Amino acid sequence: GYKEQRELDGLPARIDTLERAAQALQDEIAAPDFYSQPHDTVRATLERYQTATRELEATVERWGELEERQAALRRTRDDA
C-alpha cells in the first residue's frame, strides 16, 4: 500500500546514513590509539557500533521484505 511504498522509498537513504555512521565508528575503532582511551569511552563507542550495525542489518532486511512484496504484487498484476 501507500504507507509501505513511502517506507520503501525512504529506506535507501536511511541505509546510506546507517552505513556511513557504522563506517565512521569502525574507522574510529580501527585507530591505533582507540584502546588507549578510558574504558568507558571505548565501551560506549563499541556499543554504538553494535547498535548501528544491528539497525543497519534490520533496515536492509526490511528493505528486502518490502522489495519482495512489491515484486509479488507486480507479478500478481501481470498475471491478471
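The values are calculated or read from the model by the stated rules, or taken from the named source; none is laboratory data. Predicted model, so just to flag it, every value in this text is computed and none were measured. Cβ placement follows ideal geometry from the backbone for every residue including glycine, while neighbour counts extend to all protein chains displayed. Ligands, DNA and RNA are excluded from the accessible area calculation, which covers all protein heavy atoms including side chains. Shrake-Rupley method; radii C 1.70, N 1.55, O 1.52, S 1.80 Å.
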Looking at the chain, what % of the alpha carbon pairs are farther apart than 16 Å? 61
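Could you work out Rg/(2.2 N^0.38 Å) for segment 1-46, with Rg from alpha carbons only?
1.74
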Over the chain, relative contact order from alpha-carbon pairs under 8 Å, at least 6 apart, %: 41
Mind putting a number on the dipole of the chain about its Cα centre? Charges go on the C-beta only, +1 for Lys and Arg and -1 for Asp and Glu, and I need it in Debye to the nearest 20. 280
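Rounded to the nearest percent, how much of the accessible area of the chain (1.4 Å probe, protein heavy atoms only) is carbon and sulfur?
Looking at the chain in its full context, I get 52 percent from C and S.
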Using only Cα atoms and rounding to the nearest 10 degrees, what angle (0 to 90) does helix 2-30 make with the longest principal axis of the chain? 20
Suppose the chain between residue 13 and residue 36 were pulled fully straight at 0.36 nm per residue; how much longer would it get relative to their current alpha carbon spacing? 4.8 nm
Starting from the Cα of residue 50, step 7 Å along the direction of its Cβ; do the same at residue 79; then give the gap between the two resulting points in nm. 4.4
Would you mind checking the tilt of helix 39-79 against the longest principal axis of the Cα atoms of the chain, expressed as 0 to 90 degrees and rounded to 10? 10
Within 10 Å of each candidate Cβ there may be at most 16 other Cβ atoms; applying that plus a DSSP loop requirement, which chymotrypsin sites (Phe, Trp or Tyr not before Pro) in segment 1-64 survive? none
In Å², and per residue, what accessible area does segment 33-75 have when probed at 1.4 Å with the other protein chains present? 73
